[in-house]
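Since the structure comes first, as structure tokens, the remarks are kept for the end.
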């Protein structure tokens, strides 16, 4: 284990020292993280499959979000966590996550109820699926040394690229919860 001292970060209320895993352990943790990423996506898809596409752009009961934004945001964030933060931006990424898409669904963006200036529900779902498949394919090529390279927030457990990967399923579950709340506010039955 490689020792790493963290400074106190009042935003994270953290004042501790952690040890990074060795490369072999990091590879094993990566496999567990991939399983969690798949589990989180399966649950999100169950929620989406049980939500009529014509309701994706609705803002029920004054909620500040809708299903469409949640799906677009998951595509943007998963690209950021599993690809951009791990291997940097590549020329093909502009067709996968164009700037306009990133601005519409990235952190800090404002959800819109107007479907005329957004991708359709099917297009959003397709983009989210494409990012998911490509991200998992690329993780199969990541070396243990790359997993242990430092990275800025957000991450979970470790301040390295492995930590960004570990954050991915946690982040998706946060948004699956929001999707569940929007669904219930639309009057739909719970999935679980």
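The values are calculated or read from the model by the stated rules, or taken from the named source; none is laboratory data. Computed from a prediction, not measured in an experiment: that's the story for all the values here. Every residue, glycine among them, receives a Cβ derived from its backbone with ideal geometry; neighbour counts consider all protein chains shown.
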(message) Need a quick list: helices (runs of 4 or more DSSP H) entirely within the range 65-117 having at least 3 residues that are touching a strand residue (DSSP E or B) at 6+ places or on another chain (Cβ under 9 Å) and over 26 Å from residue 142 (Cβ atoms).
(response) none
(request) Report, by residue number, each residue of the range 47-70 that is closer than 17 Å to residue 174 by Cα, in contact (Cβ under 8 Å) with a residue 60 or more places away in the chain and buried (at least 19 other Cβ atoms within 10 Å of the Cβ). (result) 47, 48, 66, 67, 70
(message) Scan the range 168-191 and tell me whether some residue there is within 21 Å of residue 35 (Cα to Cα), without any contact (Cβ under 8 Å) to a residue 40 or more places away in the chain, assigned to a loop (DSSP other than H, G, I, E, B) and over 17 Å from the mean Cα position of the chain (by Cα).
(response) no
(request) Can you tell me which residue among 148, 134 is within 17 Å of the chain's Cα centre (by Cα), more than 20 Å from residue 66 (Cα to Cα) and surrounded by 15 or more Cβ atoms within 10 Å (Cβ to Cβ)? (result) 134
(message) If I ask for residues that are under 25 Å from residue 65 (Cα atoms) and surrounded by fewer than 19 Cβ atoms within 10 Å (Cβ to Cβ), which ones from the range 157-170 would you list?
(response) 170
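Would it be correct to say that residue 37 is in contact (Cβ under 8 Å) with a residue 24 or more places away in the chain, farther than 22 Å from residue 140 by Cβ and buried (at least 21 other Cβ atoms within 10 Å of the Cβ)?
Considered against the rule, which asks whether it is in contact (Cβ under 8 Å) with a residue 24 or more places away in the chain, farther than 22 Å from residue 140 by Cβ and buried (at least 21 other Cβ atoms within 10 Å of the Cβ), residue 37 comes out as no.
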(message) If I ask for residues that are touching a residue at least 40 places away in the same chain (Cβ under 8 Å), part of a loop (DSSP other than H, G, I, E, B) and closer than 22 Å to residue 166 by Cβ, which ones from the range 120-142 would you list?
(response) 142
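Just to be sure I understand, how many residues within the range 98-122 are under 23 Å from residue 43 (Cα atoms) and either at pLDDT below 95 or surrounded by 13 or more Cβ atoms within 10 Å (Cβ to Cβ) (or both)?
7
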